[in-house]
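This report concerns only the one structure given below.
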Amino acid sequence: MLGKKFIALGVLLGLIMACSSNGLPSLPYKPPYEVQDFSKLKGMKGFSNNALDLHFALYQGYVRNTNLIWAELKKLNDEHQTGTPAYAELKRRFGWEFNGMRLHELYFSNLGGTGPLPMDSPLMQKIVENFGSFDKWAEDFRATGSIRGIGWVVLYEDPTNGRLFNTWINEHDVDHLAGGKPLLVMDVFEHAYMPDYGLKRGDYIDAFFENINWKAVETRLVQ
């Protein structure tokens, strides 16, 4: 198994080394994903521009690697090489890169707000229905974000019945609620808070709450 992982890693590193500054090596496939511009978040209270630039660069790497692995998998498929260790390991790796890309897009998109969630909004009503009050929901969300370890916190909606859950995601591709709709996403990997707050994750969570874009969150609501 370790040998297979080294083979796949070698393939991926080879792709990255072959990459031009535009992202993909010269292949006859159009990359399916493009980097989104979140520079409007610069100047946001509680988030330094330096920390945001570092975070944007990390996100751009996930987009690049998602496209790289997708292109290599398509190439291996076209060449009937789907039975190879490289194909298997890249297939396993794809979920990590794709979810890393998508979670960051959701995270950045639900930042940049300036006001509280309106009391009469559909999302507020659903939060109160599920948690008893907004404060009880916020306490649970913060507690989830304070769990030791690296990961994400996601407020999920179950589209089948409208239930809401604050969920801990340990890795990009682990612990997601199958079929769940992510409404609010908070990054609690060290890179999200240590440049500005060091080990004071609680201060970072406070800053996150002050900048939630509730309008963007509410557009993700299913029921």
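Key figures
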| read-out | value |
| --- | --- |
| Separation between Cα centres of the stretch 119-142 and the stretch 144-187, rounded to whole Å | 16 |
| Folded to 0 to 90 degrees: helix 49-78 orientation relative to the chain principal axis, Cα | 40 |
| Neighbourhood net charge (12 Å Cβ-Cβ; Lys/Arg +1, Asp/Glu -1) for A51 | -3 |
| Inter-label distance, nm, simple model (7 Å from Cα along the C-beta direction), E139/Q81 | 5.7 |
| Efficiency of FRET between A88 and M119 - r from beta-carbon atoms, R0 35 angstrom, step 0.05 | 0.10 |
| Where Cα atoms sit under 26 Å apart: lysine pairs in the chain separated by 8 or more or lying on different chains | 27 |
| For the chain, the longest site-free run once GluC sites (Glu not before Pro) in DSSP loop states with at most 14 other Cβ atoms within 10 Å are removed | 80-223 |
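Rule-based calculations on the coordinates, nothing more; no lab input. Source: prediction; values computed, not measured. Note: ideal-geometry Cβ built from the backbone for every residue, glycine included; neighbour counts use all protein chains shown.
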